[in-house]
Structure formats: structure tokens, C-alpha cells
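*Asks:* One structure, pasted below without further comment.
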Amino acid sequence: MEEAELVGVIVGDGNLWTNNRSYELVISGDVNKERDYFESLAANFRDRYGVSPRIFYRSGALRLVIRNKKLFKHLTDGIGIPIGAGKAEKVEIPAVFGDAGFADFARGFFDTDGSIFFSDKYGSPRYPSVELTTKSGTLARQLQAGLKSMGLSATLHRSESVFEVCLYGTEKVLAWKRKIGSSNPYKIRKFEELSSRCRESV
């Protein structure tokens, strides 16, 4: 994975914490759906940064934990990921990645804080959608603009304190699969289900 994808993962479901003695990165997931994905994440963090991630399985929750001051400082001071109170409202795509890193960042963010799902609509059973959710208005607008630059017209909704960037319909969801994709086996299977249905309908 490129660094932009790993940062997308952290922005999506990660938390950076320190008390100035311990420096910790925690990424949370679904123990029933994401074991393989977290093993892959651990290997990628290990290979890229030379750290020693640990994975914990507790009460239906899945956590990847890295305690490393050098990585913590790189992510916060170097990349610019915010920490502390209000972090969720402040996150954005780090400028260091530029336009070239957008697809990688979006993939990592989708794999942790996004979803692909099917809903029954009148005349369109199993209607597919991709949805990205965030509390940061800045990040939501960046995601919408980045998708537009790739030829994907996304709809931006605001529901109370949460922003939703959505792609609706088979054509747009399969375009996401081609142009951005996923590294999360659970979500890859969802895309393959849609692709299979399209092949069967031809």
C-alpha cells in the first residue's frame, strides 16, 4: 500500500493518542468481517515504517495498535493528521499527497469509514450505493471534488453532524471499483457480487 492509503485508513478509523510518554496509534474494525484486512494492514505498516503492530480481538471488536514515537511524530508533525478533541471535525486530505495521491487516500478511507451496500428501490431491487461518512465538512468537500476530477459525480448530504458523500447506481459504483477499488476483502466481495450480477444480466 502507498502511504496515502495508510493515512486514509488512519483518518477513517484511526486514533492517535499521547501523554508525552507513550505514543499510540489505534485502528478499529469489525472482528467478524475484517480479520484478513487487519493482518494485511499490520504487514503494510511493518514493511513501510519498520514498526511492530499488534492486533487485539476483544468482545467483537478488532484493534490494531502501534506504539512508536517516531511514527507518531511523522503522522502528526510531518503528514499533519490532527489529534485531540475535535479531531474528527478537523481532518482533511493532507496536502503532501497532492492530486496524485487522491485515489490511494480515498481507497484507505473507504475501506475503514465507507461502505458499499444494496437497497431495494421500486423497480430496482438490490440497488447499489457507495457511501463515505465523516464529521469534517472540509474532508467531505475534498472527497466530492476529488471524485469529480476522476469523472465520478458524487452527491453530498449533511445529516445532523455527519457529512455523507454518496455514489448511486451500478454505473457509478462499478466506476469506483475500476478507478479506486478496495484493499478490504470484505468490501471486495461486495463489488464482485455486483460485477457478477451484471455479467449474469447480459
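The values are calculated or read from the model by the stated rules, or taken from the named source; none is laboratory data. Fair warning: this is a prediction, and the values are worked out from it, not measured in the lab. Here the Cβ is made from the backbone with ideal geometry for all residues, glycine too, and neighbour counts use every protein chain on show.
*Asks:* Does Lys135 fit the bill of being among the charged types (D, E, K, R), in contact (Cβ under 8 Å) with a residue 40 or more places away in the chain and in contact with a strand residue (DSSP E or B) (Cβ under 7 Å, 6 or more places away or on another chain)?
*Replies:* In short, yes.
*Asks:* Suppose we keep only residues that are within 19 Å of Gly12 (Cβ to Cβ) and loosely packed, with under 11 Cβ neighbours inside 10 Å within the stretch 137-166. Which one would you say is modelled with the highest pLDDT?
*Replies:* Arg158
*Asks:* From Asp99, Asp36, grab the single residue that is under 27 Å from Met150 (Cα atoms) and of a type outside the set (A, V, I, L, M, F, W, C).
*Replies:* Residue meeting the stated conditions: Asp99.
*Asks:* Between a residue in the stretch 39-62 that is within 13 Å of Val26 (Cα to Cα) and any residue that is exposed (fewer than 11 other Cβ atoms within 10 Å of the Cβ) and modelled with pLDDT under 95, which pairs come within a Cβ distance under 9 Å, given they are 6 or more apart or on different chains?
*Replies:* Close Cβ pairs satisfying both conditions: Leu62/Asn32.
*Asks:* Would the stretch 154-166 turn up any residue that is touching a residue at least 24 places away in the same chain (Cβ under 8 Å), in contact with a His (Cβ under 8 Å, 6 or more places away or on another chain) and farther than 23 Å from Tyr37 by Cβ?
*Replies:* yes
*Asks:* Restricting attention to helices (runs of 4 or more DSSP H) lying wholly within the stretch 128-202, give those where 3 or more residues are closer than 15 Å to Ala106 by Cα.
*Replies:* Once the helices (runs of 4 or more DSSP H) in the stretch 128-202 are filtered for at least 3 residues that are closer than 15 Å to Ala106 by Cα, what remains is 137-149, 170-179.
*Asks:* Pick from Pro128, Pro82: which is modelled with pLDDT under 95 and under 29 Å from Ala175 (Cα atoms)?
*Replies:* Pro128
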